[in-house]
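Let me begin by presenting the structure, written as structure tokens, before commenting on it.
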Amino acid sequence: MRRSRINQIIEEAIAFFDEQRFFLPRFAYWTPNEWSSKKEEVREIVDRRLGWDVTEFGQRNFDELGLVLFTLRNGSLENLERGKGMLYAEKAMIVGVNQVTPMHYHRSKTEDIINRGGGRLAIQLYTANDSNDLGSKNVSFVADGTRCVVPAGHVVALKPGESITITPGLYHSFWAEDETVLAGEVSTVNDDSTDNRFLEAVGRFPSIDEDEPPRHLLVTDYKQYVRLAHH
């Protein structure tokens, strides 16, 4: 993915968040030079991978297969193991019309996906079978506190304000139906490196062609700009 395209996507994302009156923390707007001046005070941002995450899932076709995410808060796997501390995470996501996040499930994370504004958010659901493929059994889930059962492959359409709870092993793919959606994610601790199981082989984080300097950093850029002491 070209850095120039990532820069453009983030600028458009900032404008969309502003339009939706969804306010980001200060570090969302820091320049690379500002990041380079930071040290131990931003360790939690760096270690927990808070911030911008733009992906095209290794397919180089962002408009059709892609997602913009901003991780606002995230606990640690150590917290989960101890059962205390920050055990939760929160993301804001921008989902374009017919822009698909590919079919996947989470091994341990439970998440609520919430339509915070914009158009309708379509989510297709399957239960993973014993071979980790798409199962044929009915899918059971909770939406806004109400238990629902639908056939395998059913597409749930969330209007603004509505949400769905996605449990481990529940395959899901989503896209916006009619206009761009501001989606929220509230979950247990998020680990994008090991917890995602995609149905088809994809790349979770993009390889970047540095055709121009970054205007804002992705979570994968921090190690190049922020010098933290090793613990």
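Quick note: the coordinates plus some simple rules give every number you see, no bench work behind them. Predicted model only: the values in this text are computed from it and were never measured. All Cβ positions, even for glycine, are placed from backbone atoms using ideal geometry, and neighbour counts span all protein chains on display.
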- Note on the structure: In the range 144-188, the GluC sites (Glu not before Pro) that sit in a DSSP loop and have at most 11 other Cβ atoms within 10 Å of their own Cβ are Glu179
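Of all GluC sites (Glu not before Pro) in the range 1-88, which ones are in loop regions per DSSP and have a Cβ with at most 16 other Cβ atoms within 10 Å?
Values: sites: Glu11, Glu12, Glu19, Glu34, Glu40, Glu41, Glu44, Glu56, Glu64, Glu78, Glu81; in loops: Glu56, Glu64.
Within the range 1-88, the qualifying GluC sites (Glu not before Pro) (loop, at most 16 other Cβ atoms within 10 Å) are Glu64.
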- Could you work out how far helix 3-19 tilts from the main Cα principal axis of the chain, as a 0 to 90 degree angle to the nearest 10? 70 degrees
- Task: Would you mind classifying the range 1-133 by shape? Square roots of the alpha carbon gyration tensor eigenvalues, ordered a ≥ b ≥ c; an a/c under 1.5 is rounded, otherwise it is prolate if a/b is larger than b/c and oblate if not.
- Result: oblate
- Among Arg120, Arg73, Arg82: highest mean-square fluctuation, GNM of the chain, C-alpha pairs under 10 Å: Arg82
- Taking Leu199, Leu50 and counting other beta carbon atoms within 10 angstrom, the fewest-first order is Leu199, Leu50
- Treating cross-link reach as a plain straight distance, find the lysines whose alpha-carbon is under 18 Å from the alpha-carbon of Lys91, omitting any fewer than eight places away in the same chain. Lys109
